[in-house]
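The values are calculated or read from the model by the stated rules, or taken from the named source; none is laboratory data. Keep in mind it's a predicted model, so treat the numbers as computed, not measured. Heads up, the Cβs are rebuilt from the backbone with ideal geometry, glycines too, and the neighbour counts pull from every protein chain shown.
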Amino acid sequence: MFVWQLISQLGTKNRDMPTTTKAKKDSAADAKNEEFSKETYVYWYESMVLMRKFEEKAGQLYGMQKIKGFCHLYIGQEACASGSVSALRKGDKYITAYRDHGHPLALGTDPKALMAELYGKETGTTKGKGGSMHIFDKEVGFVGGHGIVGAQVPLGAGLAFAEKYNKTGNVSISYMGDGAVRQGAFHEALNLAMLWKLPAIFVIENNGYAMGTSVQRSSNVTELYTLGEAYDMPSEPVDGMSPEAVHRAVARAAERARAGEGPTLLEFRTYRYKGHSMSDPQKYRSKDEVEQYKQRDPIEILRQTILDKGLMTEQELNAIDEKIVGQVEESVKFAEESKFPDPSEALTDVYVQTDYPFVLD
């Protein structure tokens, strides 16, 4: 039974998987492509466990006041990033909101540089100037976490426009939370992307609660993928707890985009185990609900799939776990030992023009 069939039993009406003709066709197509290579499964497992262990450590360090400011953890949503990355290729561009630690880790950003950025150290991905909410890594195609709700969506459309203009064959993929779909920027971006047939993939990582208000209480439209249909954009719901389902949906969208057929809107139905941010008391949902979702943990399901297929042994998976715990501890040591930026760095890297004359005005 798929996770969203299970989730529907929790009584969350808007999260039932629709049984449209299109969904049935997609299910049939998925059945033909059911098998993935061992390498893909290993990548999913390693990247998802790295995200989980990194975020758990980040949460611990935040409680110790080693990490300052805001901090939004990705725990529970790991399949959304890993399944997307395995379906795309080098040169494609990624952009998201401020829950942005998981995506660069899935893309291969060094955990040491990422942890140093959370610490505000000069060895961080943006020299300690971005912090948790503004991770960037140009080398892996990650064009940032963005703090203004929905603002990254038109930026993602702009990235796709640049790829089309330059005839690179690349696509852009823009992630947003369910709360962002009620911003005008979302609708304007979808309209122009469809009008200009941009090679864009728009992803709603629907964890059900935005900042702390459920979709049912804040939106008349609860099947969020249908918002794309207003612009005649191919749109579909996806089991966001399954890297296999995410991979297949993103691969289909990328194929359309690279063929010049324009953008796609995907609704990844997922769940975050932690609050919106570290300061969230989570009074809007019950502990029982969270625990029920944890019983369908994407990493545990993936681990069991790997074992059932005979791709790896329990001992081999445990060895990966231990290796990743070591990586995360190394990242903490690196961040602790790194220096804070010199105050003279405060006004550098603001403009490409190094001698820009108005920085101090």
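General observations
Results for (1) more than 21 Å from A245 (Cβ to Cβ); (2) among the polar types (S, T, N, Q); (3) touching a strand residue (DSSP E or B) at 6+ places or on another chain (Cβ under 6 Å), shown as yes or no for each residue.
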{"site": "T168", "(1), (2), (3)": "yes, yes, no"}
{"site": "Y175", "(1), (2), (3)": "no, no, yes"}
{"site": "A189", "(1), (2), (3)": "yes, no, no"}
{"site": "T213", "(1), (2), (3)": "yes, yes, no"}
{"site": "S218", "(1), (2), (3)": "yes, yes, no"}
{"site": "L227", "(1), (2), (3)": "no, no, no"}
{"site": "P234", "(1), (2), (3)": "no, no, yes"}
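- E345 meets the conditions (1) loosely packed, with under 12 Cβ neighbours inside 10 Å; (2) more than 21 Å from R52 (Cα to Cα); (3) modelled with pLDDT under 95 in every case but one. The failed one is (1).
- A single entry from L190, L198 fulfils the requirement of being assigned to a loop (DSSP other than H, G, I, E, B) and either crowded, with 21+ Cβ neighbours inside 10 Å or of a type in the set (D, E, K, R) (or both): L198.
- For I173, the conditions (1) of a type in the set (A, V, I, L, M, F, W, C); (2) part of a strand (DSSP E or B); (3) surrounded by fewer than 24 Cβ atoms within 10 Å (Cβ to Cβ) are fulfilled apart from (3).
- The residues on offer are G208, G262, G240, G212, and the sole one that is small (G, A, S), touching a residue at least 40 places away in the same chain (Cβ under 8 Å), buried (at least 19 other Cβ atoms within 10 Å of the Cβ) and over 27 Å from Y45 (Cα atoms) is G262.
- Applying the condition of being free of Cβ contacts under 8 Å to residues at least 40 places away in the same chain and among the polar types (S, T, N, Q) to region 158-190 and asking which residue is farthest from D100 (Cα to Cα) yields N166.
- Of all residues in region 330-361, those satisfying the criterion of being more than 15 Å from G120 (Cα to Cα), in a loop (DSSP other than H, G, I, E, B) and of a type in the set (D, E) are D349, D355, D361.
- Boolean, D321 is touching a residue at least 60 places away in the same chain (Cβ under 8 Å), touching a helix residue (DSSP H, G or I) at 6+ places or on another chain (Cβ under 8 Å) and closer than 30 Å to M64 by Cβ: yes
- Among the residues of region 265-315, the ones that are loosely packed, with under 13 Cβ neighbours inside 10 Å and more than 15 Å from Y74 (Cα to Cα) come to 15 in all.
- Filtering Y284, Y293 for residues that are more than 22 Å from V42 (Cβ to Cβ), assigned to a loop (DSSP other than H, G, I, E, B) and not hydrophobic (A, V, I, L, M, F, W, C) leaves a single hit, Y284.
- Subset of region 238-258 (residues that are touching a Phe, Trp or Tyr at 6+ places or on another chain (Cβ under 7 Å) and not in a loop (DSSP other than H, G, I, E, B)): V238, D239, P243, E244, V246
- The residue that is nearest to A106 (Cα to Cα), counting only those in region 144-157 that are among the β-branched types (V, I, T) and in contact (Cβ under 8 Å) with a residue 40 or more places away in the chain, is V153.
- Filtering region 291-341 to residues that are modelled with pLDDT of 95 or more and among the acidic types (D, E) leaves D297, E300, D308, E314, E316, D321, E322, E329, E330, E336, E337.
- Complete set of residues in region 117-138 that are touching a residue at least 12 places away in the same chain (Cβ under 8 Å) and among the charged types (D, E, K, R): E117, K121, E122, K127, K129, D137
- Within region 181-214, if we keep just the residues that are among the aliphatic types (A, V, I, L, M) and touching a Phe, Trp or Tyr at 6+ places or on another chain (Cβ under 6 Å), the residue that is nearest to D280 (Cα to Cα) turns out to be V203.
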